[in-house]
Each structure stands twice: as structure tokens, then as C-alpha cells.
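Report on the following structure.
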Amino acid sequence: MSEPLRDAVVLATGASGFIGRHLSARLARAGAQVHATSRSGPLAGRDAASGDRGVEWHRLDLGDDAAVRTLVARVKPDVVFHLAGLVKGSRDRALVLPALEANLAATVRLLDAVAEHGSSRFVQIGSLEEPPIDQPPQPPASPYAAAKAAATAYCRMYAELYGLPVVIARVFMVYGPGPQDRGKLVPYVIRTLLDGGTPRLSSGTRAVDWVYVEDVAEGLARIASADRVAGQVIDLGSGELVTVADVVRRLYRLAARDDEPRFGSLDDRRLEQIRRADVAATRAALGWAPGVDLDSGLRRTLDWFRREAGHDG
């Protein structure tokens, strides 16, 4: 089967991040010409750290409108993946303005630059945290959620008013191997267990739709070339809800810990969102469904952290 992204010119913002690295590797394997941006990420022309070839790095501050327009005009991307942003679920009021800038203003700058020069597809990374557009209005649960919801509204406006073929990929709770924010639940619990410690946890009752990072990268690649999806919101998740407590217990078993996790030392966050991906709709739109089950994905993730920490054996 031919690869639809072969020789496509792709611009990926935030490509030094967790999802971005996996996506860049997937696109490079497909034969795409990948232009990856980061505020401070790898810039040696190739991503030697992950072994990817065909990835050209650019240092880009999305707060600099002139720099954004200059890069888009020079690269002339066929496809844009916008992954850059401030991904913090804290309810702290100090995050309101940083989230506004990083997740809304930066998105609008990029949208406008791409609308000026044209593109066959603009893929915006949405979030399970933002209120769904097809349900009664709900207050955003965090500054991050508010900014992402507003960015989705702008994406839909650019699609409808200015003809920019935008697709919003609503990504659920991503986990997996690779460099990432170690404060997130799965890497935090794994590293604490490997170090012989006891993780500090909330009640663990929140039910979450977990999805493996390489499945997300595959779904994003398919969104880039799928027919009749412009203007849509496409879910990338497992379609299954598993509580935080269940995931932690699975990690304890995989790490061969004979004690039990202790829940309740941290408060639960207010307005935690419980949403399940519509995998049937995504399969119909993309021919995609997640291929890695939760136990297999957690095992691969734990193995990666073991190797990184020198705990092989």
C-alpha cells in the first residue's frame, strides 16, 4: 500500500515534546519532509537522540508573529501539526495568562500565517479536558481547558470563514515510553516505584480513557491524509475508562511490588473530566483504532524507564 504522506512537506510545532517526538518519527518513516519546531529542542538538523532521519529542526518562539510567518512562508508546508502549548492541568490562577498566550494566542498566530500561505491540512491537538462542542455548555475545568476550548473555536472559525482545512484531534490521556513530563501520573508512579519509594496519590477514583502514544502518532498521521474530515473533531482514545487507582495497581504488579498503593494523601482536583473517546466514529473516519492494550502499553513504558534508569535485569 502506498504511503500518502511520502514526500509531503510537514511542519510540526512542539515536536520536541512527548507526542511530538513519536509523531516526527512516524512521519519521517513515512517519507515525509518533516520540519520540526521547538523553543529550545534539538537543532542539529537531525534528531540524533531518537535516531530519526529526515527531521529538520527549527528554533521557533510562537509568541513572535514575524518569526512564525517567516518560517511558514519558507517551509510552505502541505500539512501542519500544531502540538506546541502549555500542558498543565493545575487550577492555579497563575496559569491563566500563560495558558492564554501559549494555547490560544500562539495557535491563532499560526492559523493566520498558514491561512495566508495555504496548506492542505492543519491538524490542531485538542484535549479531553476541554468542554465538548456538541454538548450543553460547561465551564472549563482549568486555565488550560479554557484556552484549548477557545483555540478549538478559532480553528473552526478559520475552517468556516477562511477555508483553512482544519481538523481537531481530541487526544485523550496519553502515556508510553520516551522523554516526557515526569510529573504526569504514569511516569511519576513508575519512577517512584523504581526508586523504591511510595507514590503520593489522590483518591484514584477518576475514570480515564488511556491511549498509548504510538497509537496517537498513527492516528494523527491518518488525520493528515484522510478524506472528508476537514472541520471535524476526531477522538484519539481507547474508548475504555479505567480508574487511576486501577492503573496504579497494574504498575505495582508490573514492578513486582508486594505492597499496596496508598491513596488519599493528595486532594482530588476540582471538576475532573470523565470522557470516553468515540472510537467507532474515529474508525469510520480514519480506519484507525488503538492497537496497544493498556497492560502491554504500561509494560513497555515501565521497561523503557527501567532501561533509562539502568535497572535492566
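Annotations for the structure displayed:
- Calculated FRET efficiency for the pair HIS117/ASP227, C-beta based, R₀ 25 Å, to 0.05: 0.60
- Once the chain from ALA289 to TYR188 is taken as fully extended at 0.36 nm per residue, the excess over their C-alpha distance is 33.6 nm.
- Scanning residues 5 or more positions from VAL211 or on other chains, those with amide H under 5 Å from its amide H are MET173, VAL174, TYR175, with H placed 1.01 Å from N in the peptide plane.
- Its relative contact order, with pairs defined as Cα atoms under 8 Å and 6+ residues apart, puts region 213-313 at 40 percent.
- In this structure the amide hydrogen of LEU60, modeled in the peptide plane, comes within under 5 Å of the amide hydrogens of SER38, ARG39, none closer than 5 places in sequence on its chain.
- In sequence order, region 80-87 has phi-based couplings of 10, 10, 9, 9, 5, x, 9, 9 Hz under the Karplus curve 6.51 cos²θ - 1.76 cosθ + 1.60, θ = phi - 60°, and Gly or Pro positions carry x.
- In nm, spacing of pseudo-spin labels at LEU254 and ALA281 (7 Å Cα→C-beta vector): 2.9
- Given the alternatives (1) 34, 22, 18; (2) 31, 23, 19; (3) 43, 25, 15, semi-axes √(5λ) of the Cα gyration tensor in Å as computed for this entry is given by (2).
- Taken about its Cα centre, the chain carries a charge dipole of roughly 300 debye when the Cβ of each Lys and Arg holds +1 and the Cβ of each Asp and Glu holds -1.
- Around the amide H of GLY126, modelled in the peptide plane, lie the amide H atoms of ALA169, ARG170, VAL171, all under 5 Å away and 5 or more residues distant in sequence or on another chain.
- Over the chain, DSSP H runs of length four or greater, each weighted -39,500 (n - 2.57), average out per residue to a 222 nm ellipticity of -11500 deg cm²/dmol.
- Extended-chain gain in nm, criterion 0.36 nm per residue less alpha-carbon gap, GLU56 and ARG74: 5.2 nm
- Under the span-like rule (Cα at least 18 Å along the axis, Kyte-Doolittle mean at least -0.5), DSSP H helices of the chain: 143-162, 213-225
- Linear extension gain, THR198 paired with ALA153, 0.36 nm per residue minus alpha-carbon span: 12.0 nm
- Taking a point 7 Å from the Cα of LEU86 along the Cα-to-Cβ direction, the residues of region 148-192 with backbone N closer than 17 Å to it are 148-152.
- Label point distance in nm, TYR162-SER265, each placed 7 Å from Cα along Cα→Cβ: 4.9
Each reported figure results from applying straightforward, stated rules to the coordinates on display, with no laboratory input. Predicted, not measured: the structure shown is a model, and the values here were computed from it. With ideal geometry, Cβ positions are generated from the backbone for all residues, glycine too; neighbour counts draw on all protein chains shown.
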